[in-house]
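To start, the structure under review is shown below, and the notes come after it.
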Amino acid sequence: TPTIGVLALQGDVREHAGALERAGARAVPVRRRSELAAVDGLVLPGGESTTIDKLLRIFELDEPLRTLVAGGLPVYGSCAGMILLADHIEAGIEGQRTLGGMDVVVRRNAFGRQVDSFEADLDVAGISDQPGGAPVRTVFIRAPWIEQAGPGVEVLARIPARATDGSPVRVGAGKIVAARQGRLLATSFHPEITGDARVHALFVRMVAAG
Ligand code: GLN
């Protein structure tokens, strides 16, 4: 059973831990550098990326995490966590840094005010394309999207042109909202709040594969 840490500075820590356990992992909160040594993988929950960036520096977790990511630690970032994994950020605040690791340009708060929050049923590669797999119900909360992805990035999901009810999607159609590069996984959405642990299970498989 892999042990997967959940960065516990801000965000849905308990929900991520629950989903990881349902997906067959052991989940532990991570707040200190010393706790990083005990994990086989790490989840970066959503929240406010600018705040998490500051807290990472205050708790002196930023440099150790950059080193671990560069060394191949599997990391899954959701929403603000996706921003933290991006090499480049658009619409960040001045001085905002990321951990980086994924060759993507991420746009913060990309969906704009009119669609602060929404849900969608998405086809996610590696999940809904499996035998018997259904689309993944996803929840977006002031979410980022991936504006550009380098050649080493595998696109797992995009915003469809039409919503589940058939109406055209006005903002973000075609934008990348789930991606993988090596041992890094990122989603714009929050899978921890829907009760569907399939995204976490995908990450647990990545961790277990070593
Ligand atoms: N808008 C937030 C940010 O920029 C992300 C929101 C979220 O994680 N739900 O960090």
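Values quoted throughout were computed directly from the atomic coordinates according to the rules given, and no laboratory measurement underlies them. Computed from a prediction, not measured in an experiment: that's the story for all the values here. All Cβ positions, even for glycine, are placed from backbone atoms using ideal geometry, and neighbour counts span all protein chains on display.
On a full-extension model of 0.36 nm per residue, what is the gain between Arg137 and Ile93, subtracting their alpha-carbon distance, rounded to one decimal in nm?
Details: separation 44, 0.36 × 44 = 15.84 nm, distance 3.03 nm.
Taking Arg137 through Ile93 to full extension adds about 12.8 nm, to one decimal.
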query: Using θ = phi - 60° and the Karplus curve 6.51 cos²θ - 1.76 cosθ + 1.60, what whole-Hz ³J(HN,Hα) does each residue of the range 141-157 get, with Gly and Pro shown as x?
result: 10, 6, 8, x, 10, 8, 7, 8, 10, x, x, x, 9, 9, 7, 9, 7
- prompt: What ranking do Asp53, Asp116 get, fewest neighbouring Cβ atoms within 10 angstrom at the top?
  reply: Asp116, Asp53
- request: For Thr3 paired with Ala37, estimate the spin-label separation in nm (one decimal), with each label point 7 Å from Cα along the Cα-to-Cβ line.
  value: 1.1 nm
task: Find how much the distance from Gln148 to Gln130 grows on full extension, using 0.36 nm per residue of separation minus their present alpha carbon separation; answer in nm with one decimal.
output: 3.8 nm
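How do the peptides 83-94, 166-177, 192-203 rank, highest first, by the average count of neighbouring beta carbon atoms within 10 Å per residue? Intermediate values should be presented prior to the final figure.
Numbers: 83-94: 18.8, 166-177: 14.6, 192-203: 21.1.
Peptide ranking by packing, descending: 192-203, 83-94, 166-177.
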- prompt: Can you give the FRET efficiency for Asp123 and Arg22, using 1/(1 + (r/R0)^6), R0 = 25 Å, r = Cβ-Cβ distance, to the nearest 0.05?
  reply: 0.70
Share of alpha-carbon pairs per 10 Å distance bin for the chain, given as whole %: 9, 39, 38, 13, 1
Cα-centred dipole magnitude for the chain, charges only on beta-carbon of K, R (+1) and D, E (-1), debye, nearest 20: 100 debye
query: Residues with amide H under 5 Å of Ile89's amide H, sequence separation 5 or more or different chain, H placed in the peptide plane at 1.01 Å from N; which?
result: Val106
